[in-house]
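Throughout, read-outs are computed from the coordinates displayed, never taken from laboratory work. Keep in mind it's a predicted model, so treat the numbers as computed, not measured. For neighbour counting, all protein chains shown are included, and Cβ atoms are generated from backbone atoms with ideal geometry for every residue, glycine included.
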Amino acid sequence: MHSLYYKAGYINIKDSLWIAAGLLFGSYFGAELAVSVNVSLLSKLYAGFLLYIALGYLNIPEYLSRNRVTVKITKPDRPERISVWLFITLGLFAGLIAGMFGKGGGLIIVPILIKFFRYEQKSATATSLAALQLPVGLPSVIVYAHEGYFNWSFAVIMAAGIVVGVYFGSHLAIRLPAKLFKRVYAVFLLGVAVFMVDKYF
């Protein structure tokens, strides 16, 4: 959990812990499913899923509408009281996707927190990051290692890169205006989706 987000008050610790609990179990089942299905099909499903998330997050139909009426909706800094089971379910779903494709936990959690849990963009990102800081992916790592798909050397190098990236990324995110932050994240989602579509279709 990065101290900058915590000090800025963007992290909902309780919600992040419930999400992490779901991620722990979801990642295991996702990895079990991944090692038993066709890799090509798995990649195409993931590419299609990312594209769906990206287009939905960008809300393109709204921008294409000529007679769009701008309505300002104020979201609370923290969501209203929501059942912990919904946060656990979100974690299970995100963990399932992350366990199957090796990534995607945050790409699932952030948009859903914003759309269905009424989170503000930076709060959703920070809470998702906090949930992912725990070793929630360990069950899937064990499954992949058992099947001979895990490379410890590459994993250590990438983990070091992630630590550095999170440090500088969180500093930048805190300083970005909310609207610009949302647009940058939306473009990132679309970029990943387009890359996956170009690679596997």
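Brief remarks follow.
- Extending 7 Å from Cα along the Cβ direction at residue 134 and again at residue 17 yields two label points whose distance is 0.8 nm.
- Exposure proxy order (Cβ contacts within 10 Å, fewest to most) of 10, 144: 144, 10
- The order of 15, 198, going from fewest to most other C-beta atoms within 10 Å of their C-beta, is 198, 15.
- 30 Å Cα-Cα threshold exceeded, pairs from 7/199; 14/199; 14/115; 7/179: 7/199; 14/199
- Solution diffusion estimate, µm²/s, Stokes-Einstein, segment 3-200, Kirkwood Rh from C-alpha pairs, 10 °C, viscosity 1.306 mPa s: 89 µm²/s
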